[in-house]
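Working notes, beginning with the structure itself.
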Amino acid sequence: MSINSSTVQRLNGTVLMSIDGGEYVEAIDCPECFGWGEIEIERPRPHSFDRDVGVIDVIKGECETCAGIGAIPKEDESDE
């Protein structure tokens, strides 16, 4: 099962996800990136000869929780 070849569809407030071109299963928006697939990452830049103080740059990166697709499969609630 490769999450990189997933397809996400959002229809009338429902999130559906297909993994490897198979059937669509119910999913939820990623709780880490809120469905965007990207997060902001803080990257410290130390003091150097060109810079008199250290700073923290903020860059965008791929969300590790959902692998950048913006959704994760919904867990079964019947196991409880």
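The values are calculated or read from the model by the stated rules, or taken from the named source; none is laboratory data. The structure displayed is predicted, hence computed values, not measured ones. Cβ sites come from the backbone with ideal geometry, for glycine too, and all protein chains shown count toward neighbours. SASA here: full protein model, heavy atoms, side chains in, ligands and nucleic acids out. Shrake-Rupley method; radii C 1.70, N 1.55, O 1.52, S 1.80 Å.
Do we find a residue being of a type in the set (A, V, I, L, M, F, W, C) and not in a loop (DSSP other than H, G, I, E, B) anywhere in the stretch 26-38?
Yes, some residue in the stretch 26-38 is of a type in the set (A, V, I, L, M, F, W, C) and not in a loop (DSSP other than H, G, I, E, B).
Residue by residue through the stretch 34-80, note down the ones that are modelled with pLDDT of 90 or more, more than 16 Å from ARG10 (Cα to Cα) and open to solvent by less than 90 Å² (accessible area, probe 1.4 Å).
Hits for the stretch 34-80 are ILE39, ILE41, ASP57, VAL58, ILE59, GLY61, CYS63, THR65.
Under 9 Å between Cβ atoms, at least 6 apart or on separate chains: pull out the pairs that start in the stretch 58-69 with a residue that is on the phi > 0 side of the Ramachandran plot and end on any residue that is part of a loop (DSSP other than H, G, I, E, B) and open to solvent by less than 30 Å² (accessible area, probe 1.4 Å).
As it stands, the answer is ALA67/SER6; ALA67/GLY37; GLY68/CYS33; GLY68/GLY37, since those pairs meet every condition given.
Do we have any residue at all in the stretch 56-76 that's β-branched (Val, Ile, Thr), assigned to a loop (DSSP other than H, G, I, E, B) and out of contact with any helix residue (DSSP H, G or I) (no Cβ under 8 Å at 6 or more places or on another chain)?
Taking every residue of the stretch 56-76 in turn, at least one turns out to be β-branched (Val, Ile, Thr), assigned to a loop (DSSP other than H, G, I, E, B) and out of contact with any helix residue (DSSP H, G or I) (no Cβ under 8 Å at 6 or more places or on another chain).
Any residue in the stretch 8-33 that is of a type in the set (Gly, Ala, Ser) sitting within a Cβ distance under 8 Å of a residue that is open to solvent by 70 Å² or more (accessible area, probe 1.4 Å) and part of a loop (DSSP other than H, G, I, E, B)? List the pairs, counting only those 6 or more apart or interchain.
Final answer for the pair search is ALA27/LYS74.
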